[in-house]
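As structure tokens, the structure follows; a few thoughts come after it.
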Amino acid sequence: MSEASEPAPERGAAAREEVEVDVLLEAVYRCYGFDFRQYARPSLRRRLWRRANLEGVTTLSGLQERLLHDSSCMESLLLDLSINVTAMFRDPSFYRALRTTVVPLLRTYPFIRIWNAGCSTGEETHSLAIVLAEEGLLERTRIYATDINEPVLLRAKEGVFPLEQMKAYTENYLAAGGTRAFSEYYTAGYEGARFDRSLTDGVVFSRHNLVSDGSFNEFHAIICRNVMIYFDTVLQDRVHDLFHESLVRFGVLGLGQKESITFTSHVQDYKVLDPLDRIFRKVQ
Ligand SMILES: C[S@@+](CC[C@H](N)C(=O)[O-])C[C@H]1O[C@@H](n2cnc3c(N)ncnc32)[C@H](O)[C@@H]1O
């Protein structure tokens, strides 16, 4: 074989695999309505292969066949693809900025609506609720905490987090400007640290898919962190349309530290409130 012709089979295999991924995602979308077609490809491909291995199938078309005939396989894939890594007071500086920059703006509203999109197992929602409680705003706030993934929402509603995380979460809380004893917020039990119910009394947990579901209210703040990093730019743009439509004028958008609005079509619609912690205010 000549050197020049060597790369051809590789390209062919990669292109074939790409088609298999396209077909599988299209089939999942048509059969279940979950749209992963515009999720960033490299990590998506890795996760599909991981699921294929766990299911004991050796090809992506084998995985597709399994997915279409076994809804429990689809539920497992949904968990694989939705990457639920989270933490309480993740990136403490974000919560410090929330206290100093966002809370004074929220105070001006008689009743506050916040959308915590992609809330995962609820650590973020509980962190937001703690900040609002300490700032005297929780009673007049309704938080809508949503995620694509039903099992994680059930855990979020439970509000029980692993005891072994409490040391790290206490450090995060203090770094985020917390001044109380963090242990005041939970009761340690055999099942874990059960957080005070009063934190989530005003929280509505519900399933919402950012890719395919529409706007459902007008919010004074939307917190959506570390979700869009898994989306390609077209999908990010679409979700930014949804957020822009769902925010009141002068509402606040909080993103993850690796996320931005800079390269979206809404860059002119927001003023930057905090460049490092990615907090923006809708101005038009
Ligand atoms: C990495 S976690 C981030 C959790 C939390 N926001 C944080 O920063 O700690 C990403 C979450 O986004 C959710 N997610 C992924 N795709 C979604 C979609 N299309 N609609 C709504 N939530 C989605 C996942 O289920 C997961 O819980």
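The values are calculated or read from the model by the stated rules, or taken from the named source; none is laboratory data. Computed from a predicted structure; not experimentally measured. Heads up, the Cβs are rebuilt from the backbone with ideal geometry, glycines too, and the neighbour counts pull from every protein chain shown. To get the accessible areas, we keep the full protein, side chains included, count just its heavy atoms, and leave off ligands, DNA and RNA. Shrake-Rupley method; radii C 1.70, N 1.55, O 1.52, S 1.80 Å.
Here are some notes:
- Odd one out for residue 85 among (1) modelled with pLDDT of 95 or more; (2) part of a loop (DSSP other than H, G, I, E, B); (3) surrounded by fewer than 21 Cβ atoms within 10 Å (Cβ to Cβ): (1)
Conditions tested, residue by residue: (1) basic (Lys, Arg); (2) out of contact with any helix residue (DSSP H, G or I) (no Cβ under 7 Å at 6 or more places or on another chain); (3) under 25 Å from residue 123 (Cβ atoms).
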{"residue": "183", "(1), (2), (3)": "no, yes, yes"}
{"residue": "221", "(1), (2), (3)": "no, no, yes"}
{"residue": "232", "(1), (2), (3)": "no, yes, no"}
{"residue": "257", "(1), (2), (3)": "no, yes, yes"}
{"residue": "273", "(1), (2), (3)": "no, no, yes"}
{"residue": "280", "(1), (2), (3)": "no, yes, yes"}
{"residue": "284", "(1), (2), (3)": "no, no, no"}
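- Contact map, segment 140-154: residues that are near the ligand (Cβ under 10 Å from one of its atoms) paired with residues that are open to solvent by 70 Å² or more (accessible area, probe 1.4 Å), Cβ distance under 6 Å, separation 6+ or inter-chain. Pairs shown: 150/207.
- Where a residue in segment 37-55 is part of a loop (DSSP other than H, G, I, E, B) and its partner, wherever it lies, is open to solvent by 80 Å² or more (accessible area, probe 1.4 Å), with Cβ under 6 Å and at least six apart: 38/234
- Yes/no for residue 78 being away from the ligand (no atom under 13 Å from the Cβ), part of a helix (DSSP H, G or I) and open to solvent by less than 10 Å² (accessible area, probe 1.4 Å): no
- Strands (runs of 3 or more DSSP E) within segment 183-284 that include 3 or more residues away from the ligand (no atom under 16 Å from the Cβ): 186-189, 192-195, 247-255, 270-274, 279-282
- Being in contact with a His (Cβ under 8 Å, 6 or more places away or on another chain) and surrounded by 15 or more Cβ atoms within 10 Å (Cβ to Cβ) is a property that residue 113 has.
- In summary, residue 168 fulfils each of the numbered conditions (1) surrounded by fewer than 17 Cβ atoms within 10 Å (Cβ to Cβ); (2) within 15 Å of the ligand (Cβ to nearest atom); (3) under 26 Å from residue 216 (Cβ atoms) with the single exception of condition (3).
- Extreme residue, farthest from residue 168 (Cα to Cα), among residues of segment 53-74 that are surrounded by 14 or more Cβ atoms within 10 Å (Cβ to Cβ) and charged (D, E, K, R): 65
- Test result for residue 231, open to solvent by less than 30 Å² (accessible area, probe 1.4 Å) and within 15 Å of the chain's Cα centre (by Cα): yes
- Pair list, Cβ < 7 Å and 6+ apart or interchain, from segment 252-263 residues that are modelled with pLDDT of 95 or more and surrounded by 16 or more Cβ atoms within 10 Å (Cβ to Cβ) to residues that are part of a strand (DSSP E or B) and among the basic types (Lys, Arg): 252/281; 253/282
- Of all the listed residues (46, 50), the sole one being within 16 Å of the ligand (Cβ to nearest atom) and either aromatic (Phe, Trp, Tyr) or surrounded by fewer than 19 Cβ atoms within 10 Å (Cβ to Cβ) (or both) is 46.
- For residue 180, the test of being part of a strand (DSSP E or B) and either away from the ligand (no atom under 16 Å from the Cβ) or at positive phi (or both) is failed.
- Of all the residues in segment 121-154, those that are surrounded by fewer than 19 Cβ atoms within 10 Å (Cβ to Cβ) and either touching a strand residue (DSSP E or B) at 6+ places or on another chain (Cβ under 7 Å) or farther than 17 Å from residue 89 by Cβ (or both) number 8.
- Taking the numbered list (1) charged (D, E, K, R); (2) surrounded by 12 or more Cβ atoms within 10 Å (Cβ to Cβ); (3) without any contact (Cβ under 8 Å) to a residue 24 or more places away in the chain in turn, residue 225 passes all entries but (3).
- Residues that are of a type in the set (Gly, Ala, Ser) and away from the ligand (no atom under 16 Å from the Cβ) within segment 91-139 comprise 133, 136, listed in sequence order.
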